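Reading through the structure tokens given below for one structure.
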Amino acid sequence: MDSPLVESVAAFFVNESCRHTLLHDLNFLEVDCLRQALSKVLGYLIVLGSITVKFPQISKILSAGSARGVSLASCFLELSAITAMTTYCYMHSYPFSSYGDGAFLGLQTAVVAYLVLYYNVAQDRAILFALIYPLLCVLLTSGLVPMGVLALMQSLVIPVTVAGKSVQAYSNFQAGSTGQLSAITVFMMFLGSLARIFTSVQETGDPIMILTYASTSVFNGVLAGQVVFYWNAGPARPKKTKKED
């Protein structure tokens, strides 16, 4: 197969050695090449899926006119972790397929955080956040921040991620409900983080990224379990006092 078009398409999924193995030797059973191709396909599918993964969550908040049950602390911790990881990968020139979903998740998580601020805190705080966060992203990707600082931020992603997911899980437990959390978003995040373990091993080999996605998968699984457990639960009702009786 000497078609330039086929070669160009194959370049998105496998390295030069595997392109020769697959396209010229027609050896489609080479395990390393199949693994490499599968990782790329999964990576790009995750990136595509991430473009709208939090739309159900955003839509649910807007439709209800409420962000009840969505933890602001959890949103900020998750956004911090996503921003740190995406910046770290971008500045290390890792393949886009291995981290591109972070850019879309970061944008959508920022929108969710804005809505929680808007509905639960104050409009002026929401506007201030909308002005500051983009400037922070520009600064982190400008090259002005030392790589050592970015590496430190990345090393903190695991505890920040665990803290963020734990806050949301505890909030759900206290309320006896998942509130305005979207089941679609939660399950997509869970499946995406599981797949990212494989793509991180295959494409970057970065132990911090692998451990991050492993821990994220565990806590996304906890949230998914809560969505199922509290499926028919409504908002928690305040206890009646004697006077009300």
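The numbers here are math on the coordinates, done by the rules we state, and not lab data. Note that the structure is a prediction, hence the values are computed from the model and not measured. Counting neighbours? That spans all protein chains shown, and the Cβs are built from the backbone with ideal geometry, glycine included.
Values computed for the structure shown
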read-out	value
For the chain, projected area of the alpha-carbon convex hull averaged over all directions, nm²	16.8 nm²
Extension gain from SER17 to ALA122, taking 0.36 nm per residue of separation minus the Cα-Cα distance	32.2 nm
Cβ charges +1 (Lys, Arg) and -1 (Asp, Glu), total dipole of the chain, debye	1460 debye
For region 59-75 versus region 81-105, the gap between their alpha-carbon centres in whole angstrom	25 Å
Region 116-227, relative contact order [Cα under 8 Å, separation at least 6], %	30 percent
Over the chain: helical MRE at 222 nm, DSSP H runs n ≥ 4 each giving -39500 (n - 2.57), nearest 500	-22500 deg cm²/dmol
C-alpha long axis of helix 207-229 to longest principal axis of the chain, angle in °	40 degrees
Contact order relative to length of the chain, as percent, for alpha carbon pairs under 8 angstrom and 6 or more apart	25 percent
Environment charge at PRO95 (Cβ cut-off 15 Å; Lys +1, Arg +1, Asp -1, Glu -1)	-1
